[in-house]
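Note sheet for the following structure.
Bear in mind that the values in this text are calculations on the coordinates, not laboratory data. Worth saying up front: this structure is predicted, and the values here are computed from it rather than measured. Methodologically, a virtual Cβ is constructed for each residue, glycine included, from the backbone with ideal geometry; neighbour enumeration extends over all protein chains shown.
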Amino acid sequence: MRRNGQYKQQYGKKTGRSRPAACIAMLLTIVMLLTGGCGYSTSRKQEQENRICSVVCIGDSLTYGTGVNDPISQSYPAVLGDILGPGYTVAGYGQDGAIVTSGRKRSYDRTDCYKESVVSHADILVVLLGLNDSKEYYWDGPVKFRAQYENLLDSYLLRDRHTRIMLCTCPEGLYIDGQTEGPARFHIEPANARIINKVIREVALDRKLPLVDLAGLAAKHPEWFAEDGIHPDAAGYAAMAGMIGVAITQTGND
């Protein structure tokens, strides 16, 4: 669903039990009934293998997919759903221009994306937010940013303490068209963006949360960000999805 620079879209397919697995389960049930139900229970491992892991991605235009022709199929959550495949569902809640800082018109916690995602009971929450907070008229220093950032994370944990959070640093963007100083496109302040990413790394370390470091993507692959210096093209979003996908599969879903 897309509307005015935001969307909630679910990716991935749920997979049911195969016919052989269903037959085995039926035979085990018969054995249990014949033996009075003694000494048989479904193992935790089997339950985990049959369970669908839900991944929820929250963020701004970098989660929405600004910069590509079709965000529904080319945004990083869309590609992530393809990468993870059966056994996972991926839902994207990206709001164009969203900020971490609360109490402002663009605050993420005032958006429909937040209101829907916070009650989603995600198994894994992927957070890619903060770049827009670097704008001079939003920026209020690292201490206040960290407090607001952690408050946002905690609001999801208050709803479901079993949600596992994965943090992402923000691609810091590039100057384009010969610019070498001052704000980048969309009033992004590169110096503040670097501080924001430092804070995100500190939060991940202090809370022992997995971190996907996307900060250096633009510098390593400027061709992905050539259009406006901030938003990647389809190849860039695919690379982001790949890095996040690797982190999710390495972390596991149990």
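Figures for the structure shown
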quantity	calculated
Additional length obtainable on full extension of the chain from S155 to R194, 0.36 nm per residue less Cα span	11.5 nm
Theoretical gain in end-to-end length, D82 to A147 [0.36 nm per residue, Cα-Cα removed]	20.0 nm
Per-residue Cβ neighbour rank within 10 angstrom, fewest leading, I165, I99	I165, I99
Members of K115/K208; K144/K220; K198/K220 lying beyond 24 Å, as alpha-carbon distances in this model show	K115/K208; K144/K220
Cα→Cβ-extended label distance, 7 Å offset, between K105 and A226, nm	3.5
Extension reserve of the E202-R51 stretch, reckoned as 0.36 nm per residue once the Cα distance is removed	51.1 nm
